Amino acid sequence: MRRQIPAIAGSLALGFLAAFPLVYGAADYDYIMHLWITAFFYAILASSWALLAGYAGQFSFGHMAFMALGAYTTGLFNNYFYLTSAATGTCFEIPFGSWYFVVLDPIGISATPFSCLDAAREAWAGNVVVKKPSLWFGILFGILVGGLFGWLIGRLVLRLRAAYLALFTLGFSEILRSVLSAELNITRGQAGLELDPLFPNGITIFGAVFDATDKLPTYYVMFALFLACIAIMLALERSRFGLFVRSLREDEDAAAALGVHTVRYKVLVFVVTSMIAAAAGAVQAHYIGIITPNILIILQMALVVAMAVVGGLESIIAAAVGAMVLYFLLEFLRNSFTIGDVTVDMTTWRLVFFGALVMLTLRFQRNGLLYPLIESCTRSGVAEETVAKRVAGASASEDAEAAK
Amino acid sequence: MIDLKVNAVQKSFGGLHVLKGVTFQVQGAELIGLIGPNGAGKTTLTNVLDGAIKPSSGTVYLNNARIDHLPPYQVAQAGLGRTFQVTRAFRRMTVLENLYVPALAMSAGKSQKDFQAQAMEILEFLTIDHLRNEYGRALSGGQQKLLELGRLLMLDPDIIILDEPFAGVHPKLMEIIYRYIHRVNDAGKAIILISHQMESIFTLCRRLLVLNYGDLIADGDPETVKNDPAVIEAYLGEEDDRSGIGSAQLGAPGNA
């Protein structure tokens, strides 16, 4: 029975999360929905980082870079690619059936950008159809680009372990951030690259009409993405992939000596986790509506690491739940309070509490706060079984000796 | 028939020549002892054979296929398995999971369930079946050695290199390792046994290879090797330094 507790608790939690937007009706609905959407985002990042670092032992600090690759790929796709029913003559374009696939020139940081397509539009005087490709293609490209870079980084770090791997991936992340800042004609740098919302024209679900700014459709998109990512990672964890990447973490040389293609699985785990991070980044970018290079600052990476560590690095579920709990905790800790005449400004102090929690976890509960609870359920009875079998084995030996 | 050919294998680390053209052949289900003083090159030779390091020159063929340029996982799949001098059990994986790793690595399209019965039989043989669901880190040092041996049975290679299997092991566990060696050897597998425990070497092995500072200085039956002047000198130093010691330090056959 005790072994079933995590599955039962998980099912109840999923039911709660699936029903929550439909039954919650308080005045702060939009704010709470925003918190949940962002919590799912961090849960995807923390759990995928747990797969990379906790299962496979690859302590990468470039995870947010893959998230940013997903965000910027779909952002650039959303801003630069158009379909027109006539040639612009001014932009780079590729004929595509009866359409033209148009790529704009760099949009720069002007508040009123005038693109090559705007010039063409003036000439067309409204007689030509211009539309954007579905932003879901951009999200898909974002995931693929994340996977491609995951493969590349996975290949480059094959011989690196521990601190060297961490520093290498941190370097990659900082380079990407610098490139995104420097190439401001293309990315708009700190001015921010704007993106269309996930449903720019709104959406109708079972007869209910939602406009582009309604939170409910985005909640379910992010929730579905969260479920899909968790399902994929759990399926991988329980397959030979999971067994092999854990053997990598334990002892790469011993795993190779036992026939495990260590290179393949090391690269694969980078590709899978990078694609998941990129997917989260791409969807979140459309939800927030604007991205800057600050999305991959080291503080963001540290936040994801801390979430996974506090939840439990060696469990995808624990890391995901840890991320959600910590995110809500951080948010609710924003409320300042007074002790006598002293006002404690929690907008600053909450990070101190947060840091202290991470330090205490690492010092006293290295496996996280949640993972040991899950493990105590899933492994309940193992110690008793070991003792019972040992006693039974000893009795059998004594009987055999007596029979002699 | 099993055929391992090691031809003029050399390995240097900077100016240090660890292996100086080692040549030998293993044919069939031989049980060979590989001995030598500390620093002789035994572990380096093992690492070259299993692909962990590439030789500076020379070749290694296993069953007529060249393996010296292959990565370790391909060498394992080609039929050469090994244990490590310092036990390397997967500590945060259960005992059963430790055994499933090589089994699944050797067979595509199968799952852990397909190997459960085989794994349990091996654990019972090694007398650690009661620990099957415990993590590797919960096992004692000796039990972890048994676990490593169990993993090799799941890998089922043609040739097994056992690097110091008796080091720090309780006599009761040594009996189990003896039985393990006989079981593997009787199943037609070749074994290269590296050990400083001469009693075990002389009891178990029918052929000895002796390495000294990277040179293979002797290759023959235990009795011949034991009386080889080069071997005695390697182990005991110059003639003048070993008065009164004789060859006792090299052990004697049958006295284990």
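A few comments on the model shown:
- Filter result (in contact (Cβ under 8 Å) with a residue 40 or more places away in the chain, open to solvent by 10 Å² or more (accessible area, probe 1.4 Å) and either aliphatic (A, V, I, L, M) or more than 7 Å from chain A (Cβ to nearest Cβ) (or both)) within the range B:73-88: B:GLN85, B:THR87
Quick grid of which residues meet (1) more than 17 Å from the chain's Cα centre (by Cα); (2) at pLDDT 85 or above:
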| residue | (1), (2) |
| --- | --- |
| B:ILE201 | no, yes |
| B:ASP215 | yes, yes |
| B:GLY220 | yes, yes |
| B:GLY237 | yes, no |
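- Criterion (away from every other protein chain (no Cβ under 14 Å), over 20 Å from B:ALA138 (Cβ atoms) and touching a residue at least 60 places away in the same chain (Cβ under 8 Å)) met by exactly one of A:ALA320, A:ALA306: A:ALA320
- The set of residues in the range A:261-313 that are farther than 17 Å from A:THR169 by Cα and not in a helix (DSSP H, G or I) comprises A:HIS261, A:GLY289, A:ILE290, A:ILE291, A:THR292, A:GLY312, A:LEU313.
Conditions tested, residue by residue: (1) out of contact with any helix residue (DSSP H, G or I) (no Cβ under 6 Å at 6 or more places or on another chain); (2) modelled with pLDDT of 95 or more.
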position: B:LEU96; (1), (2): no, yes
position: B:GLN112; (1), (2): no, no
position: B:ALA119; (1), (2): no, yes
position: B:LEU131; (1), (2): no, no
position: B:ILE159; (1), (2): yes, yes
position: B:GLU164; (1), (2): yes, no
position: B:LYS172; (1), (2): yes, no
position: B:GLU175; (1), (2): yes, no
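- Flag if A:PHE101 is aromatic (Phe, Trp, Tyr), touching a residue at least 12 places away in the same chain (Cβ under 8 Å), out of contact with any His (no Cβ under 8 Å at 6 or more places or on another chain) and in a helix (DSSP H, G or I): no
- Flag for A:GLY312 being within 14 Å of another protein chain (Cβ to nearest Cβ), within 17 Å of the chain's Cα centre (by Cα) and of a type outside the set (A, V, I, L, M, F, W, C): yes
- Residue match in the range A:195-205 (condition: open to solvent by 60 Å² or more (accessible area, probe 1.4 Å), in contact with a Gly (Cβ under 9 Å, 6 or more places away or on another chain), under 26 Å from A:THR292 (Cα atoms) and assigned by TED's automatic domain parsing to the domain that holds A:PRO21): no
- Residue, farthest from A:ARG379 (Cα to Cα), within the range B:90-110, restricted to residues that are within 8 Å of chain A (Cβ to nearest Cβ) and outside any helix (DSSP H, G or I): B:MET106
- Top-ranked residue of the range A:284-308 - restricted to ones that are β-branched (Val, Ile, Thr) and open to solvent by 20 Å² or more (accessible area, probe 1.4 Å), ranked as farthest from A:ARG249 (Cα to Cα): A:ILE290
- Selected residue (only one of A:LEU35, A:LEU52 is hydrophobic (A, V, I, L, M, F, W, C) and surrounded by fewer than 22 Cβ atoms within 10 Å (Cβ to Cβ)): A:LEU35
- In the range A:344-403, counting only helices (runs of 4 or more DSSP H) that sit wholly within it, the ones holding 2 or more residues that are within 12 Å of chain B (Cβ to nearest Cβ) and open to solvent by 50 Å² or more (accessible area, probe 1.4 Å) span A:382-403.
The values are calculated or read from the model by the stated rules, or taken from the named source; none is laboratory data. Bear in mind the structure is a predicted one, so any value in this text is a computation, not a measurement. Ideal geometry is used to build each Cβ from the backbone, glycine not excepted, and the neighbour counts take in all protein chains shown. SASA here: full protein model, heavy atoms, side chains in, ligands and nucleic acids out. Shrake-Rupley method; radii C 1.70, N 1.55, O 1.52, S 1.80 Å.
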